[in-house]
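Step one of this worksheet: look at the structure below.
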Amino acid sequence: MTQMLTFREDEDIIEKLDELARQKMRSRSEIVRGAVRDYVTHKLELIEIQKLAAKRYTQGKLSFDELVNILGYEEAKKVAYYKDIAEESFAQGLS
Amino acid sequence: MKIVVDTSSLLSLEFMGILEDSLKITEVYITNTVETELKEIASYKDEKSRLAKNVLKLASVGKIKCINIKNEAFSKYLSRNVDAGEASCLALCILENISLLITDDADAAYSLGIIAMHERINIRICVAVLMELIKAGIITKLEATKKMKSLIKQRSWEGGVLEVLVMKYIEENEI
């Protein structure tokens, strides 16, 4: 079963979308459908990997360097920062 | 004690049924941008809509204080990971000298972290409010644990950092 999805987008992005559609000999809708499908699938897979890595890091089963190897430096820093503020929230409340 | 709370954390606090209780121990501040986000969420027809309406009710009677922050004051904090609501909350902390910002968004927290540290603002997640309610004797550790578990489920945070820390909290406190 499919559902219709409507959304608004800036003109410059629509122009790029049309350019891509011309180059690929596809319709606007096909390009958008493919992009949404790829993004959602990839993002959900990534979230699962991030969650698992973050869980093991928080449990002390992964070092920060190992976390970097899995998630990349920026993402690992973000997980480490979130873990720190979450631990502070438990330990100190609003003090 | 004053705290600034962003949109998703307000919804989390209301979901756990502790937003009104938290007003007994702290003054909660939001921005006009957060209020606008809440109004948009309230216009949908889902669970979050009900929560947003409840938060807006508290703001409409002045129990939650809403402060106008102009776009120019927070646009410099906007990024791919920080939306207008979160950026306006940081600006409010700086402008009103409020040293606690509550956000559950890991991306936004990390992106705003350096500026917050420089401005001596502590970023906490909504769990901090629960811990404060325990200290004040308003809720028990067991009640807090149940609320956290329910929030984790509602926000699909199973298997993440918070769940690990909740389990650790249960273990350490023999709940």
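The values are calculated or read from the model by the stated rules, or taken from the named source; none is laboratory data. Everything numeric in this text was worked out from a predicted model, so none of it was measured. Glycine gets a Cβ as well: all are built from the backbone with ideal geometry, and neighbour counts include every protein chain shown.
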- prompt: Can you name every residue in the range A:51-79 that is among the small types (Gly, Ala, Ser) and crowded, with 17+ Cβ neighbours inside 10 Å?
  reply: A:Ala53, A:Ala54, A:Ala76
Whichever residue in the range B:96-111 is farther than 16 Å from B:Met1 by Cα and of a type in the set (A, V, I, L, M) and, among such residues, is modelled with the lowest pLDDT: B:Ala106
field: Which listed residue, of B:Glu72, B:Glu47, B:Glu40, B:Glu27, is charged (D, E, K, R) and within 16 Å of the chain's Cα centre (by Cα)
entry: B:Glu27
- request: Identify, by number, the condition in (1) modelled with pLDDT of 95 or more; (2) among the hydrophobic types (A, V, I, L, M, F, W, C); (3) assigned to a helix (DSSP H, G or I) that B:Ile114 doesn't meet.
  value: (1)
